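The values are calculated or read from the model by the stated rules, or taken from the named source; none is laboratory data. Computed from a prediction, not measured in an experiment: that's the story for all the values here. We place every Cβ from the backbone using ideal geometry, glycine too, and count neighbours over all the protein chains shown.
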Amino acid sequence: MDAAGKDSAIKHVMSGVNPQGCQVFSFKHPSTEELQHDFLWNATRRLPERGHIGIFNRSYYEEVLIVRVHREILSSEIFRGAGRQKAFLARPVSFHRKPRGPSAPQRHTRHKVLPAPFQGEQKKRFLKRIDDPEKNWKFSADDIKERKYWRHYMKAYEECLSATSTHNAPVYSSRDDKENTG
């Protein structure tokens, strides 16, 4: 969610690391090209080289979440026809595929961090961005528009995280997500 502190968390966690070995990729709402490929195609092509650290600022979750909240994204030509949108939304979402073959090496270690503010906290952070001239650049009118879909995003997150939490790659929550006011 916007104003969750993603950029600040990345800056803090990576502050002691040489930036030459880091690659940061930001994911936004999926393009028509990205929607035509298998899930994780966009993320897979951005995996870091061996020995490098890759940071996904906003993640491949964007592809799953935003199309559930904004179904009009799926109104392009490729999704017209009997049940194509429904099939797209029902496709399996697997974030943690095992390497193929009995001795295939695991090349990447993944750590998932999902900073998600309560709705009231997000509002405070947006107001601070408006009031503080040094933070004005972080604010967008689209942020306000998206707040109208808070409950829809929370439902999409819940579905996505429930479907992707596995024994080998569990999803942990550090908060009770019952606050819905703000």
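Those residues that are at pLDDT 80 or above and aliphatic (A, V, I, L, M), I need them from region 36-54; list them, please.
Ala43, Leu47, Ile53
If I filter region 3-25 for residues that are outside the structural domain of Ala156 (by TED's automatic domain parsing), assigned to a strand (DSSP E or B) and either under 20 Å from Ile66 (Cα atoms) or in contact with a helix residue (DSSP H, G or I) (Cβ under 8 Å, 6 or more places away or on another chain) (or both), do I get at least one hit?
Taking every residue of region 3-25 in turn, at least one turns out to be outside the structural domain of Ala156 (by TED's automatic domain parsing), assigned to a strand (DSSP E or B) and either under 20 Å from Ile66 (Cα atoms) or in contact with a helix residue (DSSP H, G or I) (Cβ under 8 Å, 6 or more places away or on another chain) (or both).
Write out, first by first residue and then by second, each pair whose Cβ atoms fall under 7 Å of each other, whose residues are 6+ apart or on separate chains, and whose first residue, in region 116-145, is surrounded by fewer than 16 Cβ atoms within 10 Å (Cβ to Cβ) while the second is at pLDDT below 85.
Within 7 Å, the pairs are Gly120/Glu179; Gly120/Thr181; Gly120/Gly182.
Could you list, in sequence order, all residues of region 33-42 that are touching a residue at least 40 places away in the same chain (Cβ under 8 Å) and either loosely packed, with under 15 Cβ neighbours inside 10 Å or more than 15 Å from Leu74 (Cα to Cα) (or both)?
Gln36, Leu40
Scan region 55-75 and give yes if some residue there is modelled with pLDDT of 65 or more, of a type in the set (Gly, Ala, Ser) and either surrounded by fewer than 17 Cβ atoms within 10 Å (Cβ to Cβ) or more than 22 Å from His37 (Cβ to Cβ) (or both), otherwise no.
Taking every residue of region 55-75 in turn, at least one turns out to be modelled with pLDDT of 65 or more, of a type in the set (Gly, Ala, Ser) and either surrounded by fewer than 17 Cβ atoms within 10 Å (Cβ to Cβ) or more than 22 Å from His37 (Cβ to Cβ) (or both).
Only one of Pro30, Pro19 is within 18 Å of the chain's Cα centre (by Cα) and either loosely packed, with under 15 Cβ neighbours inside 10 Å or at pLDDT below 85 (or both); which?
The unique qualifying residue is Pro30.
Could you list all residues from region 41-74 that are in contact with a helix residue (DSSP H, G or I) (Cβ under 9 Å, 6 or more places away or on another chain) and under 22 Å from Asn18 (Cα atoms)?
Pro48, Gly51, His52, Ile53, Ile55, Phe56, Asn57, Arg58
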